[in-house]
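Laboratory data are not the source of any read-out in this text; all were calculated from the coordinates shown. From a predicted model like this one, the values you see are computed outputs, not experimental measurements. Glycine also receives a Cβ, built like all others from the backbone with ideal geometry; neighbour counts cover every protein chain displayed.
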Amino acid sequence: MLERLKENGGSLSDLMLSLAQEQAEQLKAEPMQRSREALLAQLIETSHQQQHDIEAADKETFEEFLQVYFTKARESRALSALPSEVRQ
């Protein structure tokens, strides 16, 4: 990898992008095994069902969620500003 970096004279990020693109092309060129494709399809379905269940279980509006979230964030910042002896 170092030799390739020296040969091209580019940056490390350019080299990493180039390597990633090469690997992507290799993966696209190879057909996916049917068993792997079936597994990924099942994982997608499971993920979508889990997300649906999570969203269906929500009992508060987004505005209520934000209010609670930012209140906790402010409290946390206020506590972290205190000396450690006071926090205990």
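Values for this structure:
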{"read-out": "Virtual spin-label span in nm between residue 77 and residue 30, 7 Å along Cα→Cβ", "value": "4.8 nm"}
{"read-out": "Formal net charge of residues neighbouring residue 43 (Cβ-Cβ distance under 12 Å; K, R +1; D, E -1)", "value": "-1"}
{"read-out": "Label point distance in nm, residue 43-residue 14, each placed 7 Å from Cα along Cα→Cβ", "value": "3.4 nm"}
{"read-out": "Choice from 51, 67, 42 with maximal GNM fluctuation in the chain (Cα, 10 Å cutoff)", "value": "67"}
{"read-out": "From the coordinates shown, Cα Rg over 2.2 N^0.38 Å corresponds to which of (1) 0.97; (2) 1.05; (3) 2.03", "value": "(3)"}
{"read-out": "Per-residue Cβ neighbour rank within 10 angstrom, fewest leading, 53, 14", "value": "53, 14"}
{"read-out": "Part-to-part distance (alpha-carbon centres) for the range 1-15 and the range 17-88, which is given in Å", "value": "33 Å"}
